[in-house]
Amino acid sequence: MRLVLAAMLLLLTTLGQAQGLSVPDGGGFGAGPAEVEFLPVEEAYQLEIEVLDQQGLRLYWQIADDYYLYQHRFAFSLQDSSGQALELNTELPPALARTDEYFGEVQVYYQQADVELRPSQVPADGPAVLSVTSQGCADAGLCYPPQKQRFAVDFKAGTVSAIMPGAADSSSPVVGADAGAALLYMLVLAFIGGTILNLMPCVFPILSLKVLSFARSTDHDRHLHSWVYAAGVISSFVLVAAALIFLQQAGRAVGWGFQLQSPGFVIALAYLFVAMGLSLSGLVEFGGSLMNTGSGLAAKNGLGGSYFTGVLAVVVASPCTAPFMGTALGFAATQPPQVALLVFAALGAGMAAPLMLFSYSGAARKWMPAPGPWMETLKQLLAFPLYGTAIWLLWVAGRQTGVNTMAVALGGALMLALALWLWRQGGWRRGLAAGFVLVAVAMGSWRGLDENGTHAAQLADGKVPWSERQLADLRAAGRPVFVDVTADWCITCIANEVTVLNSDEVNEAFASNGVVYMIADWTNYNPDIARFLERHGRSGIPLYLLYPPDPRADPVKLPQILSKNAVLQALSDISGKTREIARMISENPSTIPSG
């Protein structure tokens, strides 16, 4: 059986290199010749801001040699201390014409860019918050994601200070806040988000099986195995973070759940769920070395099983995003590697905390019924959610590629089941079982002629595909827009769509407010969507943004776990603005700014 498990783990690590996990070696976003060392974005484009006569602002970029900034990617907004948006008059210097591979005919700045901003009125009380968005590229081929910076501006004192990235989602950021306090706050958010992950449908069966293993254990065994399990969870999260950091520093725009954008990894994960389900159904007994069900908690295999269960919990958690996770992961994406790794470690600690509680708390264990035959029955019952998860993952692979690839992957799952059955027979049949595992691996890595799927063509009526250009056009026309960044492999996204976004009540509210529903589908890797997420302080999905009709206004960011009331309230808040903008357009279209 160890040979079968080793082959399955090899499949998980090797098949993930298809599509979205490979680092491009030239041409597209984030790509560049391997011998070129690109500057960090803050060194390539150094921004200084000064207050001009307490009435205006001067923004001066010093641009490194062989780097440039796009004129059309500049965006500026100013809010007073109460959060009220202030109108800005922008004076841009002349720029150079360039034919760009990303945006076509554009105007760009080399060496420097000197921009002047004049607010319609100077805030009377408290510091104002200036948001500055810019984007640039290097001549050698690297195009940076859009960079959003925020500053506290005191016009009376004539001072400008940067707002730390950790306060990006705060409506009233604390200027000059201690970095240690902000980091502690993000670690707490990550810990809470990791704890909530245990309630997600992709993780709960794994935790349930581990808790069952405590029913007939001694205190020493429970404590030891809970710590080993926690080590498996935390080290796995740190490993995922290290992979994210490596890919991002190599120029790849990736985020949480990036591995599920690879059909190979999705198929491998489906195979793992099939094998786990067959084990719980009794076709083959993995024993303490895999799931640690029952009483086999002693000795070496039991400890190895606890560690692997922690790794497994992290793997199956990847389709999920819990509340508080988005803010913490968005913060981690803006920090140095050591800080990002610390945030992910806190996420893992939170995920391991409930099991630690069951291990040490007798009161928590009292909620468990007495050991007995029910444990075997429950174990077999828990196999069916695993089978259902495998079916869903194979459907995701079909959406990413096509029905031919999905059918072959289903055949691979059949070969895997046959291999597990043969392994149980023992003797020479185990050699045959290893051969069938290799056949399953080959079938799981097969790609047919239907590589791209048809997801984009299957949007429901009234929904349009997302693009930066179309979003900008709709906003310039004064249309309210709802952007849903989703993926077929995102369980949280699917739950929100079924319970909230596709409900009649919400659809009617969208229609009555004239809201355009845009879907940004991140099922397969898309660097434009990755940059869009980063610009809004997110490293994973779901992301829900409701843009008011005023093209100057910032979007409303909705929570990751949606409720009908939250969506309807956000729509109600913009409905008055929608009617006002519509009236202005009908009376004088030129009054609506084009930015």
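A few notes on this one:
- Burial ranking of peptide ranges 37-46, 557-566 (average Cβ count within 10 Å, highest at the top): 557-566, 37-46
- Difference of contour (0.36 nm per residue) and Cα-Cα distance, Q62 to I494: 151.0 nm
- Extension gain for the segment L52 to E508, taken as residue separation times 0.36 nm less the Cα-Cα distance, is 159.3 nm to one decimal.
- Computing FRET efficiency as 1/(1 + (r/R0)^6) for E37 and Q111, where r is the C-beta to C-beta distance and R0 is 22 Å, gives about 0.60.
- On the basis of the beta-carbon distance and an R0 of 25 Å, D528 and Q338 show a calculated FRET efficiency of 0.25.
- Placing pseudo-labels 7 Å out from each Cα toward the beta carbon at W367 and S131 gives an inter-label distance of 4.0 nm.
- Cα-based shape type of the stretch 480-527, given that a ≥ b ≥ c are square roots of the gyration tensor eigenvalues and the cut on a/c is 1.5: oblate
- Order of D528, D550 - criterion: other Cβ atoms within 10 Å of each residue's Cβ, fewest first: D528, D550
- Each residue in H220, H72, H536, H225 was given a count of other beta-carbon atoms within 10 angstrom of its own, and listing them fewest first yields H220, H72, H536, H225.
Laboratory data are not the source of any read-out in this text; all were calculated from the coordinates shown. The structure presented is a predicted model; accordingly, all values stated were derived computationally and were not measured. Glycine gets a Cβ as well: all are built from the backbone with ideal geometry, and neighbour counts include every protein chain shown.
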